Amino acid sequence: MANNKSSKKDIRRTATRTLRNRAITSRIKTLTKNAVASTDAESLKKNGAALASAMDKAAKSGIVHPNKVARAKSRLAKAAAKLAK
């Protein structure tokens with residue numbers, strides 16, 4: 001157990017950040033499932049835009065690696081192009 005005042009504060013801060021990060025990653029997973037389950041181009045476009053926005057925000061705050069975001073957005077664009085044909 002932490003003894004220093006700053007160490008105790010670090011533990012509280014870590015717990016708060018963990019909860020926030022878990023909520024954001026859970027939302028991203030849900031949006032990903034919705035985008036993957038899209039069967040027509042219109043719903044994929046709507047769900048994909050929401051997912052891309054959430055991923056960009058997560059990358060901006062350091063929750064998700066930027067390369068992972070780029071890879072996911074690339075796959076979304078590829079899937080959208082495939083459905084548009």
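The values are calculated or read from the model by the stated rules, or taken from the named source; none is laboratory data. In this text the structure is predicted, and so the values were computed from the model without any measurement. Each accessible area value is taken on the protein alone, full model and side chains, heavy atoms only, with ligands, DNA and RNA left out. Shrake-Rupley method; radii C 1.70, N 1.55, O 1.52, S 1.80 Å.
For this structure, a couple of remarks:
- Ratio Rg/Rh, restricted to the chain and using Cα atoms, in which Rh is the Kirkwood radius: 1.20
- Accessible area per residue for segment 1-58 is 76 Å², calculated with a 1.4 Å probe on protein heavy atoms, without ligands, DNA or RNA.
- Using alpha-carbon coordinates, inclination of helix 41-60 to the longest axis of the chain, degrees: 30
- Carbon plus sulfur fraction of accessible area for the chain, probe 1.4 Å, in percent: 55
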